[in-house]
Amino acid sequence: MKRLCLVCQNVDCKNRGSEEIMNELERRVAEKGLADLEVRPYMCFGACQEGPNIVLYPEKSWYAGVKKEDLDDILSHISGGQEVKMLDTIDSSLKELIYQLLDTGVF
Ligand code: FES
């Protein structure tokens, strides 16, 4: 299975720029030749007031309140660098719930 970079595209995240963020991520992932990673839209992670939200799977890293300026750090993590702790602000119980859902194969 490919690694996934899921970018919420529901209303609240979209209103905060998640479509542009997803497009930029897609462009930069292709540019870097990261063939094992797919950037994919996601319906909603349930943290709508804290978006734009991005979840890396199967790594299970959640980035909230993502701005275009954060994409360098996120891409660095995707390419094998450090997690971006500053953007890891979501409550752990919600994270667990979503990760369990993803583990069932629901994308
Ligand atoms: S709208 Fe993005 S998490 Fe719900």
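Taking (1) surrounded by 13 or more Cβ atoms within 10 Å (Cβ to Cβ); (2) part of a helix (DSSP H, G or I); (3) within 15 Å of the ligand (Cβ to nearest atom); (4) charged (D, E, K, R) in turn, residue 28 satisfies each apart from (3). Out of 4, 102, one residue alone is surrounded by 12 or more Cβ atoms within 10 Å (Cβ to Cβ), more than 15 Å from the ligand (Cβ to nearest atom) and not hydroxyl-bearing (Ser, Thr, Tyr). It is 4.
Yes/no matrix, rows are residues, columns are (1) among the aliphatic types (A, V, I, L, M); (2) within 14 Å of the ligand (Cβ to nearest atom):
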site	(1), (2)
8	no, yes
11	yes, yes
19	no, yes
34	yes, no
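Among residues of region 31-45 being free of Cβ contacts under 8 Å to residues at least 60 places away in the same chain and under 13 Å from the mean Cα position of the chain (by Cα), the one that is surrounded by the fewest Cβ atoms within 10 Å (Cβ to Cβ) is 43.
Only a single criterion out of (1) over 12 Å from the mean Cα position of the chain (by Cα); (2) in contact (Cβ under 8 Å) with a residue 24 or more places away in the chain; (3) exposed (fewer than 13 other Cβ atoms within 10 Å of the Cβ) is not satisfied by residue 48, namely (3). Inside region 15-30, residues that are free of Cβ contacts under 8 Å to residues at least 24 places away in the same chain and farther than 12 Å from residue 71 by Cβ make up a count of 3. Testing residue 86 on (1) hydrophobic (A, V, I, L, M, F, W, C); (2) surrounded by 15 or more Cβ atoms within 10 Å (Cβ to Cβ); (3) more than 12 Å from the chain's Cα centre (by Cα), one condition comes back false. Which one is that? Single failed check for residue 86: (2).
Could you check, for region 46-60, whether at least one of its residues is at negative phi and more than 16 Å from the ligand (Cβ to nearest atom)? Taking every residue of region 46-60 in turn, at least one turns out to be at negative phi and more than 16 Å from the ligand (Cβ to nearest atom).
No lab work stands behind these numbers, since they all come straight from the coordinates. Predicted model only: the values in this text are computed from it and were never measured. A quick note on method: Cβ atoms are made from the backbone with ideal geometry, for glycine too, and the neighbour counts reach across all protein chains shown.
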